[in-house]
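Visitor: Attaching a single structure in structure tokens format; questions to follow.
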Amino acid sequence: MSRLVLVVNAGSSSLKYDLIDVDAAESRASGLVERIGEPTSRAKHSVDGTDHRTEGRCADHGAAFELLLAAFREHGPDLGGLELAAVGHRVVHGGAQFSAPTRIDDEVEATIERLIPLAPLHNPANLEGIRVARAHFPDVPQVAVFDTAFHQTLPPHAYTYAVSRAWRDEHRVRRYGFHGTSHAYVSRRAAELLGLPVEAANVIVLHLGNGASATAVAGGRSVDTSMGLSPLEGLVMGTRPGDLDPSLPAHLARAGVSLEEYDRALNKESGLKGLTGSNDFRELEDRVAAGDADARLAFDVVAHRLRKYIGAYAAVLGRVDAVAFTAGVGEHSPMLRAAALDGLGDLLGIEVDAAANDAATSGEHRISTASSRVAVLVLPTQEELEIAREAAGVATGA
Ligand code: AMP
């Protein structure tokens with residue numbers, strides 16, 4: 001019998017879900033509830049190619065979960081009549097405690113709660129999802145799959161910030177890294193496509209979505225990654241700035257900017273949004289094509305930062321077998337891929353085939369030339385499937 005896993009991704013005002021048949025590697029139904037806690041919440045349940053939409057009020061994640069169950073009852077498949085192998089929860093921050101997917105019990109739940117200071121925007125919502133799912137499915141194994149876990153292999157010289165021992169010890173200040181599920185899946189898939197054992201493949205993975213991060217993967221292990229203590233560091237993102245001068249908070253505080261304003265601006269109003277007013281990369285490309293100067297500068301800032309990380313990670317790895325692009329922008333923007341890799345043939349052995357790059361806008365593609373020393377790949381990420389696989393593995397020991 002094939003194993004079914006309900007993947008739950010609870011955000012601060014949303015609940016996304018996906019019922020995955022792990023053995024067939026496909027989704028049976030998926031959906032999301034948005035605007036939880038607002039006067040009107042919206043829900044969408046997709047099954048057999050049809051979207052079923054509803055509106056109503058969902059006061060909290062508990063009410064959103066009731067809506068999810070009702071959608072499965074009404075539009076199928078009825079969860080009551082199915083045997084779930086596990087519920088897999090995406091949890092953003094696992095700190096230094098979790099280096100692998102973990103079956104959730106009261107102690108694990110309490111540990112995730114103790115990690116809230118490290119992820120104040122994410123872990124509380126993830127915990128809500130865990131609590132309501134445990135209450136509704138007390139007999140189904142619940143598994144936490146952490147965004148940070150894949151990066152627990154970072155060596156100390158890559159995860160240590162050069163700050164005082166007190167900050168490092170008392171405040172757990174270090175690089176953790178995020179998007180681990182995606183980096184793990186894409187680096188493994190890249191090795192598979194190159195016909196290399198995972199242990200032998202060195203891959204630079206570029207996860208470029210609304211959030212964006214780069215990871216250097218050596219033999220299946222993350223050895224450096226661009227996000228840090230929080231998902232703010234590194235590449236330029238939709239609404240987050242990536243790397244900044246650490247003196248910025250003090251500089252702005254002296255000018256009267258409050259901590260709350262600073263936090264909100266860096267999470268929600270920076271990056272592409274700060275540079276152009278919009279965090280939509282498609283819109284950015286259209287504006288660049290129309291000759292908009294702000295959009296051109298923003299694009300160049302994004303591409304330049306990306307190029308810097310590719311060069312840095314090539315140096316970290318010493319030898320690169322593949323550069324792999326994934327997520328919304330990585331999978332769909334030939335323009336950014338071309339700009340980030342242009343002219344790196346002599347230095348890094350990366351040669352992009354312009355026609356193959358332009359043609360690669362969905363699905364898996366190799367976009368490097370036949371003579372390129374490094375393979376350049378475009379690989380759709382499969383975070384839900386990966387979470388389902390990990391959860392099923394923990395629950396069934398397979
Ligand atoms: P994600 O967070 O992976 O869903 O990615 C979201 C980002 O991908 C947004 O900035 C979108 O504008 C961008 N994106 C999605 N489709 C395209 C496309 N066809 N061309 C360029 N950017 C896209």
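Visitor: Relative contact order for segment 47-172: what percent, with Cα pairs under 8 Å and sequence separation of 6 or more?
Guide: Numbers: 121 pairs, mean separation 39.9, N = 126.
It comes to 32 percent, rounded to a whole number.
Visitor: Next question. Sorted from largest down, what three extents in whole angstroms do the Cα atoms of segment 259-329 have along their principal axes?
Guide: Per principal axis, max minus min of the Cα coordinates gives 40, 38, 20 Å.
Visitor: Against the longest alpha carbon principal axis of the chain, how many degrees, from 0 to 90 and to the nearest 10, is the axis of helix 61-75 turned?
Guide: Once rounded, one gets 80 degrees.
Visitor: Let's test the formula: R0 of 35 Å, r as the Cβ-Cβ distance of Glu113 and Arg168. What FRET efficiency results, to the nearest 0.05?
Guide: Details: r = 22 Å, r/R0 = 0.63.
About 0.95, to the nearest 0.05.
Visitor: Determine which residues of segment 119-157 fall in the zone a paramagnetic label at Lys268 would reach in this model, i.e. backbone nitrogen under 19 Å from the point 7 Å along Cα→Cβ.
Guide: 119-126
Visitor: Related question: Using +1 on the beta carbon of Lys and Arg, -1 on that of Asp and Glu, and nothing else charged, what's the dipole of the chain about the Cα centre, debye to 20? If you can, show how the numbers build up before the last one.
Guide: Details: 38 positive and 53 negative charges, 168 e Å.
Dipole size: approximately 800 debye.
Visitor: Same structure again: Would you mind finding the longest exposed-site-free stretch of the chain, with exposed trypsin sites (Lys or Arg not before Pro) meaning DSSP loop and at most 15 other Cβ atoms within 10 Å?
Guide: Numbers: sites that count: Arg57, Arg172, Arg319, Arg373.
It works out to 173-318.
Visitor: Once R0 is set to 30 Å, what does the formula 1/(1 + (r/R0)^6) return for the Cβ-Cβ distance between Ala356 and Ser2, expressed as a FRET efficiency to the nearest 0.05? Intermediate results must be reported in sequence, preceding the final value.
Guide: Details: r = 36 Å, r/R0 = 1.18.
It comes to 0.25.
Visitor: With viscosity set to 0.890 mPa s at 25 °C, what whole-number translational diffusion coefficient in µm²/s follows for segment 178-235 from Stokes-Einstein and a Kirkwood radius over Cα pairs? Let's see the in-between values first.
Guide: Details: Rh = 11.4 Å.
Stokes-Einstein gives a translational diffusion coefficient of 216 µm²/s.
Visitor: Let me ask something else. Near the amide H of Ser41, under 5 Å away, which other amide H atoms are found, from residues 5 or more places off or on another chain, if H is placed in the peptide plane?
Guide: Gly56, Arg57, Cys58
Visitor: Another one. Under 15 Å from a label point 7 Å along Cα→Cβ of Tyr161: give me every residue in segment 242-262 with its amide N that close.
Guide: 242-251
Visitor: Identify all aspartates and glutamates with a Cα-Cα distance to Lys268 below 17 Å; exclude those on the same chain that are fewer than 8 residues away in sequence.
Guide: Within the straight-line cut-off, Lys268 pairs with Glu233, Asp243, Glu260, Asp280.
Visitor: Answer rounded, prolate or oblate for segment 156-312, using the Cα gyration tensor with square roots of eigenvalues a ≥ b ≥ c: rounded when a/c is under 1.5, else prolate when a/b is larger than b/c, else oblate.
Guide: Numbers: a/c = 2.55, a/b = 1.16, b/c = 2.20.
The shape class here is oblate.
Visitor: Further question on the same structure: Could you give the Stokes-Einstein D for segment 228-287 in µm² per second, using the C-alpha Kirkwood radius, 20 °C, 1.002 mPa s?
Guide: It comes out at roughly 177 µm²/s.
Visitor: From zero outward in steps of 10 Å, how is the percent of C-alpha pairs of segment 144-208 spread across the bins?
Guide: Taking all Cα pairs of segment 144-208, the binned fractions are 20, 39, 28, 12, 2 percent.
Visitor: Moving on to the next point. Can you give me the distance in nm between label points at His251 and Ala338, each placed 7 Å from the Cα along the Cα-to-Cβ direction?
Guide: The modelled label-to-label distance comes out at 3.5 nm.
Visitor: Give me the Debye-computed log₁₀ of I(q)/I(0) at q = 0.09, 0.11, 0.15 Å⁻¹ for the chain, equal point scatterers on Cα only, no solvent, two decimals.
Guide: -0.56, -0.85, -1.52
Readers should treat all values here as calculations from the given coordinates under stated rules, not as data from a laboratory. This structure is a prediction, so every number in the text was calculated from the model and none was measured. Because the Cβ atoms are built from the backbone with ideal geometry, glycine has one as well, and the counts that use them run over all protein chains shown.
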